[in-house]
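Working notes for the structure below.
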Amino acid sequence: MIDFQLLAYKVEVSVEDERLDAVLAYLANSADQPLVPRAVMRYAVVGGGPYAIYEEGDYLAAVEHPDDVLYVIYARCHARLLDYLSLGQWVALHAGVVSIGDRRALVIGARGTGKTTLMLRLLFDRYAVEGDELVFTRAGKAVSLPRNFHVKPGAVKLLPELADGRVSLPMTSTSDGVIITAFNPVAQGFSWNLQCRPIDVAFVLRANHGGMASCRAISSVDIVAAAVANSLPMTATSREAVRACSALLGEAEGHELTVGAVSATADLLAARVAG
Amino acid sequence: MPNHRPFAVDGLDVNEVSDGLIVYYPARDRVHYLNNTAAAIFTLCDGTRDVKAIVDAVGTVFGAEAPLRAQVEACLGDLEEEGVLRSGG
C-alpha cells in the first residue's frame, strides 16, 4: 500500500505486485501540508504484469509495464485534484515557492526555464523551498502542489549534490527515453513544509542560454501579466486568472530574473528576497 | 476627439495593483495591463470630462512627469479602439 496526501485529498494505492512499491514511490510525497484532506482517492492495481487498474472500485485501465501504472495513476489523481481545486476557484500557475527569512517568494516560469534546477539549488542552500512546478492561488494566498521534484538529466550536471544519490531515487522514463528521477526533500534529509499564505516578492524567470545571471525590478502590472500568462487555462477562466493573480501579486515586489549559472542565479534571488 | 467625454463601458472587471490597473473585458475576453499613467487616464474617464480636462487633470497628478497631450490622446484612442472606453458628446 502506498499512501500520501495531495492537498485536499488522501491518496491510497493498493498493489498485488510488490515491485510496484518502488515504482510508485515516485508519486508519494512527504510534504507537511496546510490543508486537511476532505476525501480519499482509492486505487487498486491487480495482477503482476499486465496490470488492471481500478479507481474507486471501477475499472480504469489495463497496462503492461510498471511505468505505465505510475503514469495512469499520476495523471488521474492530479487531474482529479485540479478539477476539485478549480471548482473552488483556485487558479493554478507554473511557479515555485521559497521563503527566505520572513519573506515568501513566487518564482514564475514556463516549463523549460529552469525552475526545478533553481529551486533545488535553493533547497541545497538550506532555504525553505515549498515547490518547484505548480502553485494554486485564491483570495491572495498561494499553496504549492506537493509533488516530488522531477529531476531531468540536465539538472544533475548542474547540481553536484545530486550526482551521488540520484541512482537510488525513484525514477521513470519519458516516451523518448529521458530518465526522470523524483527528489523527495524529506527522504533526503530536508524539511518540506507547505504553507498557504500571501507572497511578498515575485520573480519572472527568463532563459538566457549560457549568459550571465541578472535581476531587474519590474512593475506589479508586469508581474501580474506574467502570472496570468503562466496560469493553466484548464483550471480557470481569463477573468478568474486575472482576479486571482491581481489579488496575489498586486502589492508584491517584482523582479525579472535572467537565468545564468545556477548558483549565481540562486544567490541573486536570495539577495533580493532577503532585501 | 477634443469634445468627447470618454467613459468606461459596462461590465469591465477592474483589478487594482500597486502601480496600475489590470482590466478584463469579458465581451472580448481581453486583458488590458495599464501602467500608472494609463491607469490614471482610464480612471479619469467617467463621462464628465472632455479630453482637455483629462489632459489637465493628468498634468496636475503627474506634474513634470506628465505625458504630453498627444500621448494622452493616443492612450485614449487605444482604449477606445480596444472597446473599453466609449466617447459621449
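Laboratory data are not the source of any read-out in this text; all were calculated from the coordinates shown. Everything quoted here is computed from the prediction, not taken from an experiment. Please note: Cβ atoms are built from the backbone with ideal geometry, for glycine as well, and neighbour counts cover all protein chains shown.
Binning at 5 Å from 0, report for chain A what percent of all alpha-carbon pair distances ends up in each bin.
For chain A, the pair-distance distribution reads 1, 6, 13, 17, 18, 16, 14, 9, 4, 2, 1, 0.
Toward the positive end of the charge dipole of the protein assembly as shown, about the Cα centre and with charges on Cβ (Lys, Arg +1; Asp, Glu -1), which of A:T137, A:V15, B:A53 goes farthest?
Of the candidates, B:A53 comes out farthest on the positive side.
With the contact rule set at Cα under 8 Å and sequence spacing of 6 or more, what percent relative contact order holds for segment B:7-83?
Reported as a whole number, the value is 22 percent.
Quick one: Cα convex hull volume of segment A:32-123, Å³ per residue?
Taking only Cα atoms, segment A:32-123 has a hull volume of 161 Å³ per residue.
Starting from the 7 Å offset along Cα-to-Cβ, what nm value, one decimal, do you get for the label separation of A:V178 and A:M212?
According to this spin-label approximation, the distance is 3.0 nm.
Using the Kirkwood formula over every pair of different C-alpha atoms, what hydrodynamic radius in Å results for segment A:102-185?
13.8 Å is the Kirkwood radius here.
Could you grab the relative contact order for chain A? Cα pairs under 8 Å, six or more apart, rounded to a whole percent.
20 percent.
Under a cut-off of 29 Å between alpha-carbon atoms, report the lysines in cross-link reach of A:K157, not counting same-chain residues fewer than 8 places apart.
The reachable lysines, counting only those whose Cα sits under 29 Å from A:K157, are A:K115.
Dipole of the protein assembly as shown (Lys/Arg Cβ +1, Asp/Glu Cβ -1, origin at the Cα centre): which of A:S173, A:C77, B:F42 lies farthest to the positive side?
Farthest along the dipole direction, towards plus: B:F42.
Other chains' Cβ within 10 Å of A:233-243 residues: what's the mean?
Values: counts 0, 0, 0, 0, 3, 7, 7, 2, 2, 9, 4.
Other-chain Cβ atoms within 10 Å of each residue's Cβ, averaged: 3.
When Rg is the radius of gyration of the Cα atoms in segment B:7-83 and Rh is its Kirkwood radius, what does Rg/Rh come to?
Radius of gyration relative to Kirkwood radius: 0.95.
Check each of the GluC sites (Glu not before Pro) in segment A:49-125 and keep only those in coil by DSSP with at most 13 other C-beta atoms within 10 angstrom; list them in order.
Those satisfying the criteria are A:E56, A:E64.
Tell me, what is the FRET efficiency for A:R197 and B:A74 to the nearest 0.05, using R0 = 35 angstrom and their Cβ-Cβ distance as r? Present the calculation step by step, with values, prior to reporting the outcome.
On the way: r = 41 Å, r/R0 = 1.18.
That pair, A:R197 with B:A74, gives E of 0.25.
Going through the DSSP H helices of chain A, which span 27 Å or more along their own axis at the Cα atoms while scoring at least -1.0 as a mean Kyte-Doolittle hydropathy? Write down the numbers at each step before the final one.
On the way: long enough: A:66-87 (32 Å, 0.41).
Both cut-offs are met by A:66-87.
Of the DSSP beta bridges with both residues in the protein assembly as shown, give the percent that are antiparallel, rounding to the nearest 5.
Just about 75 percent of them are antiparallel.
With +1 on each Lys and Arg Cβ and -1 on each Asp and Glu Cβ, how big is the dipole of segment A:176-275 about its Cα centre, in debye rounded to the nearest 20?
Roughly 80 debye for segment A:176-275.
Within 10 Å of each Cβ in peptide B:17-27, how many partner chain Cβ atoms are there on average? Round it to a whole number, please.
Counting Cβ atoms of other protein chains within 10 Å of each residue's Cβ and averaging gives 6.
If you take each beta carbon of peptide A:219-226 and count the beta carbons of other chains within 10 angstrom, what is the mean?
5
For segment A:93-160, which trypsin sites (Lys or Arg not before Pro) are both in a DSSP coil and crowded by at most 11 other Cβ atoms within 10 Å? The partial results should precede the final answer.
Details: sites: A:R103, A:R104, A:R111, A:K115, A:R121, A:R126, A:R138, A:K141, A:R147, A:K157; in loops: A:R111, A:R126, A:R147.
When the trypsin sites (Lys or Arg not before Pro) of segment A:93-160 are filtered for loop state and at most 11 Cβ neighbours within 10 Å, A:R111, A:R126 remain.
Among A:66-75, B:65-74, how do they line up from the highest to the lowest mean number of other beta-carbon atoms within 10 Å? Don't skip to the end; give the middle numbers.
Details: A:66-75: 18.7, B:65-74: 14.9.
Ranked from most to least packed, the peptides come out as A:66-75, B:65-74.
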